[in-house]
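Visitor: The structure's right below; bear with me while I get my questions together.
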Amino acid sequence: MAGLLESVRQPRDLDRLSRAELDKLAAEIREFLIENVSRTGGHLGPNLGVVELTIALHRVFDSPRDALVWDVGHQAYVHKLLTGRQDFEKLRGAGGLSGYPSRAESEHDIVENSHASTALNYADGIAKAYRLRGLTDRRVVGVIGDGALTGGMAWEALNNIAGGDLPVVIVVNDNERSYAPTIGGLANHLGTLRTTQGYERFLDWGKTTLARTPYVGGAIYETLHGMKKGLKDIVAPQGMFEDLGLKYIGPIDGHDVEAVESALRRAKAFGGPVIVHVITRKGEGYEPARADVVHQLHQVNPQTNPETGLPFQVKGTSWTDVFAEEMLKIGNDRPDVVGITAAMLIPVGLHKFAQQYPDRIYDVGIAEQHAATCAAGLAFGGLHPVVAVYATFLNRCFDQVLMDCALHKSGVTFVLDRAGITGPDGASHHGVWDLSILQVVPGLRIAVPRDAAQVRALVREAIEVEDAPTVVRFSKGSVGPEIEALERVDGVDVLRRAAKPMGEGDLLIVAAGPLAAAALEAAEELAAEGVEATVVDPRWVKPVNPALVELARAHRAVVTVEDNGRTGGVGAAISQALQDAGVLRPTRVLGVPAEFQAHDERPVILARLGLDGQGVAAAGRTLLRGAVV
Ligand SMILES: Cc1ncc(C[n+]2csc(CCOP(=O)(O)OP(=O)(O)O)c2C)c(N)n1
């Protein structure tokens with residue numbers, strides 16, 4: 001299409017566009033997003049829903065002088081397009097644009113963390129800094145979804161923002177969806193506000209028509225306003241935001257650029273904290289997204305058919321699928337087991353359980369902290385909760401796991417999906433911290449399954465533990481072939497034995513979970529060079545199994561492999577156990593260095609970090625030579 005979009009190289013280029021041109025631009029952006037994101041994969045639905053909102057934001061505010069903070073940041077593709085980034089060829093791929101805002105990409109991007117419910121906290125801080133530095137002509141805008149607004153941090157921010165007079169504009173992008181439909185009292189309240197649109201129009205009519213004769217108009221306006229409030233109070237619990245001390249503008253039709261612009265201009269002129277409630281539709285303008293009633297194509301895989309919104313190729317069985325099936329069976333066997341999800345029922349595989357046992361599932365919103373402590377409460381009440389979250393989001397509730405669960409010896413099972421290197425979502429979404437931060441939690445036990453059979457077995461074992469929290473973590477994507485153990489020695493699975501008498505093995509490779517496959521490859525490579533390696537999978541990696549110490553005693557050197565940070569993880573704990581036992585073998589801990597890993601394919605990142613067969617073999621070879629890798 002003869003590019004209006006191409007002519008927008010920076011936000012000020014929007015200023016010259018007419019209303020008709022803005023509509024054309026919005027259509028071009030949608031076409032661009034559908035074409036490109038279907039190919040690369042990414043957050044399609046959320047971005048299609050904020051096209052007009054983003055255009056309006058960039059017309060009213062002067063980024064980067066005014067600060068625009070996107071909550072989560074998955075809906076910032078349109079913002080990228082309007083701030084000089086229109087090469088989506090390698091979106092979320094190596095060397096391509098990030099799928100979230102990125103400070104390295106643009107001065108228009110301020111926040112890139114992508115863990116939800118933080119935009120308003122950042123906005124509060126930025127506004128405070130501008131005030132103290134005398135930059136009083138600048139505005140700060142936080143754009144937060146109704147889903148992200150279910151997170152506790154958002155409410156901590158609202159409390160702080162409402163307590164002051166800083167010019168923070170809070171845009172609530174209300175599409176009634178988090179990942180799936182938003183739940184809870186807040187969602188209900190937003191729903192109520194949406195239905196009061198008629199009253200807003202009534203008030204607006206009063207204002208414009210009667211304000212021409214200021215005194216009379218003003219008086220009648222007040223009367224109208226009083227009537228409106230009265231009517232609202234009858235039909236709805238009104239004024240949650242206003243009662244907090246925040247001016248409320250809305251609800252606004254988020255697909256009407258002019259209406260959004262006008263609301264934002266009012267908010268900008270107000271000069272104090274103000275909420276603009278914008279109603280949008282996720283996936284707007286794209287039939288397959290609108291037809292996807294639950295998720296509205298929140299996220300699509302690479303190589304999605306743009307005609308249908310469905311992937312061209314069906315993926316193999318995922319780790320999540322295996323867990324989902326097992327939970328369904330567990331639900332039948334154990335009536336005391338309940339599931340908790342933090343707004344991600346299907347992505348974490350609790351949907352089948354939820355369908356079968358609807359009264360035994362709790363969606364708590366984007367509220368991982370609440371999930372953990374509520375789970376402890378459920379355990380106090382005699383149930384066994386299974387909290388299923390992405391590994392990276394467990395970081396959110398560390399203290400709740402430590403104090404609210406472990407200190408109380410609560411039988412809560414945490415199932416961590418997307419653990420380890422994930423890939424295209426980049427630095428914030430790799431789940432490479434859990435095995436380190438959880439090491440310090442007294443009593444907590446962690447299992448890392450290597451294949452589908454072990455997922456099933458270890459989840460079962462975990463829910464048997466009633467006097468401590470347990471954790472089972474597995475990867476993103478398709479589960480590999482099953483890896484049978486030769487034998488189980490005191491709970492440790494021996495996957496390969498060094499072809500030498502016990503006590504004369506060269507190398508012991510301890511592989512946590514799915515990296516067992518790389519460890520076995522490495523052992524074969526080394527065997528061809530005459531180096532004999534034993535490969536074991538401890539299954540339960542915390543506490544360290546004493547059998548590992550005995551196995552290490554029978555070898556000359558030890559390599560540990562984990563899909564987690566090297567610092568303080570499984571390998572570090574094993575090294576410490578060896579030292580404590582006086583088994584002083586040269587030991588190499590392989591894992592992810594303490595650096596944020598950019599977006600790329602999982603196998604590529606693992607290979608780069610030496611976590612593939614070749615990398616493990618190289619580490620073993622070097623260790624046995626007595627050199628430092
Ligand atoms: C702490 C945390 N938990 C879970 C997620 C996963 N997640 C990403 S987007 C999303 C839904 C966000 O909903 P909303 O804020 O309403 O934005 P929308 O997609 O509807 O535009 C969730 C749950 C996350 N990013 N951060």
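Visitor: With just the Cα atoms of the chain, tell me how far they stretch along each of the three principal axes, in Å, largest first.
Guide: 101, 57, 50
Visitor: Given contacts defined as C-alpha pairs under 8 Å and at least six residues apart, what's the relative contact order of region 450-502, whole-number percent? Let's see the in-between values first.
Guide: Values: 32 pairs, mean separation 16.1, N = 53.
30 percent.
Visitor: For region 407-420, just list the computed ³J(HN,Hα) in residue order, Karplus coefficients 6.51, -1.76 and 1.60, θ = phi - 60°, integers in Hz, with x standing in for Gly and Pro.
Guide: After applying 6.51 cos²θ - 1.76 cosθ + 1.60, I find 4, 8, 6, 7, x, 10, 9, 9, 10, 9, 8, 6, 7, x Hz.
Visitor: Now for a different question. Suppose the chain between R608 and E6 were pulled fully straight at 0.36 nm per residue; how much longer would it get relative to their current alpha carbon spacing?
Guide: Values: separation 602, 0.36 × 602 = 216.72 nm, distance 3.62 nm.
Separation in residues times 0.36 nm, less the Cα-Cα distance, equals 213.1 nm.
Visitor: If amide hydrogens are placed 1.01 Å from N in the peptide plane, which non-local residues have theirs closer than 5 Å to the one on V492?
Guide: Long-range HN contacts for V492: none found.
Visitor: Counting pairs of alpha carbon atoms under 8 Å apart in space and at least six apart in sequence, what relative contact order in percent does region 275-398 give? Don't skip to the end; give the middle numbers.
Guide: On the way: 146 pairs, mean separation 23.2, N = 124.
So the answer I get is 19 percent.
Visitor: Still on this model: Take the Cα radius of gyration of region 101-182 and divide it by 2.2 N^0.38 Å, with N its residue count; two decimals is plenty.
Guide: Working: Rg = 13.3 Å, N = 82, 2.2 N^0.38 = 11.7 Å.
Compared with the compact-globule rule of thumb, region 101-182 sits at 1.13.
Visitor: To the nearest 0.05, what FRET efficiency results for E524 and E466 with a Förster distance of 51 Å applied to their C-beta separation? List each step's numbers first, then the result.
Guide: On the way: r = 41 Å, r/R0 = 0.81.
The computed FRET efficiency comes out at 0.80.
Visitor: How charged is the neighbourhood of A554? Take every other residue with its Cβ under 15 Å from the Cβ of A554, and add Lys/Arg as +1 and Asp/Glu as -1.
Guide: Values: positive: R496, R497, K500, R553, R556, R585; negative: E487, D490, E504, D506, E532, E550.
Net charge in that neighbourhood comes out at 0.
Visitor: Any idea what the alpha-carbon Rg over 2.2 N^0.38 Å comes to for region 484-557? Before the final figure, lay out the partial values.
Guide: Values: Rg = 11.3 Å, N = 74, 2.2 N^0.38 = 11.3 Å.
For region 484-557, the normalised Cα radius of gyration is 1.00.
Visitor: Which whole-number percent is the relative contact order of region 354-484 (Cα, under 8 Å, 6+ apart)?
Guide: Details: 233 pairs, mean separation 34.0, N = 131.
In percent, rounded to a whole number, it is 26.
Visitor: Starting from the Cα coordinates of region 303-357, work out the convex hull volume and express it per residue in Å³. All intermediate terms of the calculation are to be shown ahead of the outcome.
Guide: Values: hull volume 5.4 nm³, N = 55.
Enclosed volume per residue, from the Cα hull, is 98 Å³.
Visitor: Multiply the residue gap between E35 and A269 by 0.36 nm, knock off their C-alpha separation, and tell me the result in nm, one decimal place.
Guide: 80.5 nm
Visitor: Can you list the residues, at least 5 places off or on another chain, whose amide H is less than 5 Å from the amide H of L310, using H built in the peptide plane?
Guide: Answer set, sorted by chain and number: N305.
Visitor: Right, another one. Report the percentage of all Cα-Cα pairs in region 390-546 whose separation exceeds 26 Å, rounded to a whole percent.
Guide: Values: 3848 of 12246 pairs.
The calculated P(r) of region 390-546 puts 31 percent of pairs beyond 26 Å.
Visitor: Let me ask something additional. For helix 368-380, what angle does its Cα long axis make with the longest principal axis of the chain, in degrees from 0 to 90 and rounded to 10?
Guide: Compared with the principal axis, the helix lies near 60 degrees.
Visitor: Follow-up question, since we're still on this one. Compute the helix-to-body angle for 570-580: its Cα long axis versus the longest principal axis of the chain, expressed 0 to 90° and rounded to tens.
Guide: Computed tilt is about 40 degrees.
Visitor: Within 14 Å, Cβ to Cβ, of G568, how many net charges do the neighbouring residues add up to if Lys/Arg are +1 and Asp/Glu are -1? Each step should come with its number before you reach the end.
Guide: Details: positive: K542, R566; negative: D434, E562.
Residues near G568 contribute 0 overall.
Visitor: In nm, to one decimal, how far is the V489 label point from the E601 one, both placed 7 Å along Cα→Cβ?
Guide: Distance between the two pseudo-spin positions: 3.7 nm.
Visitor: Right, something else. In sequence order, what are the phi-derived ³J(HN,Hα) couplings for region 554-562 according to the Karplus relation 6.51 cos²θ - 1.76 cosθ + 1.60 with θ = phi - 60°, rounded to whole Hz, with x for glycine and proline?
Guide: 8, 10, 7, 8, 10, 10, 10, 10, 8
Visitor: Then there is this: When the chain is fully extended, how far beyond the present Cα-Cα distance does A581 get from Q313, taking 0.36 nm per residue of separation?
Guide: Details: separation 268, 0.36 × 268 = 96.48 nm, distance 5.14 nm.
Extra length from A581 to Q313 when fully extended: 91.3 nm.
Visitor: For helix 19-40, what angle does its Cα long axis make with the longest principal axis of the chain, in degrees from 0 to 90 and rounded to 10?
Guide: 10
Visitor: With each pseudo-label sitting 7 Å past Cα toward Cβ, what's the A27-E89 distance in nm, one decimal?
Guide: Roughly 2.8 nm, to one decimal.
Visitor: What net charge is computed for the residues neighbouring V60, neighbours being all others with C-beta under 11 Å from the C-beta of V60, Lys and Arg scored +1, Asp and Glu -1? Walk me through the numbers on the way to the answer.
Guide: Working: positive: R59, R139, R265, R266, K268; negative: D15, D62, D66, E261.
Taking every Cβ under 11 Å from that of V60, the sum is +1.
Visitor: Could I ask something else about it? Could you pull out every residue, at least 5 positions away or on a different chain, whose amide H is within less than 5 Å of the one on H384? Hs are placed 1.01 Å off N in the peptide plane, and Pro or chain starts have none.
Guide: V337, V338
Visitor: Probe 1.4 Å, all protein chains in place: accessible area of R473 in Å², nearest 10?
Guide: Counting only protein heavy atoms, R473 exposes about 10 Å² to solvent.
Visitor: Okay, moving on. Going by Cα centres, region 138-187 and region 55-128 are how many Å apart?
Guide: That distance is 17 Å.
Visitor: Return the subset of K90/K542; K329/K409; K282/K352; K80/K315; K90/K476; K24/K128 for which the Cα-Cα distance in this structure is over 32 Å, preserving the input order.
Guide: Numbers: K90/K542 39 Å; K329/K409 26 Å; K282/K352 25 Å; K80/K315 30 Å; K90/K476 21 Å; K24/K128 38 Å.
From K90/K542; K329/K409; K282/K352; K80/K315; K90/K476; K24/K128, over 32 Å: K90/K542; K24/K128.
The values are calculated or read from the model by the stated rules, or taken from the named source; none is laboratory data. Keep in mind it's a predicted model, so treat the numbers as computed, not measured. Using ideal geometry, Cβ is built from the backbone for each residue, glycine included, and neighbour counts are taken over all protein chains shown. Remember, those area values only see protein heavy atoms, side chains included, never the ligands or the DNA or RNA. Shrake-Rupley method; radii C 1.70, N 1.55, O 1.52, S 1.80 Å.
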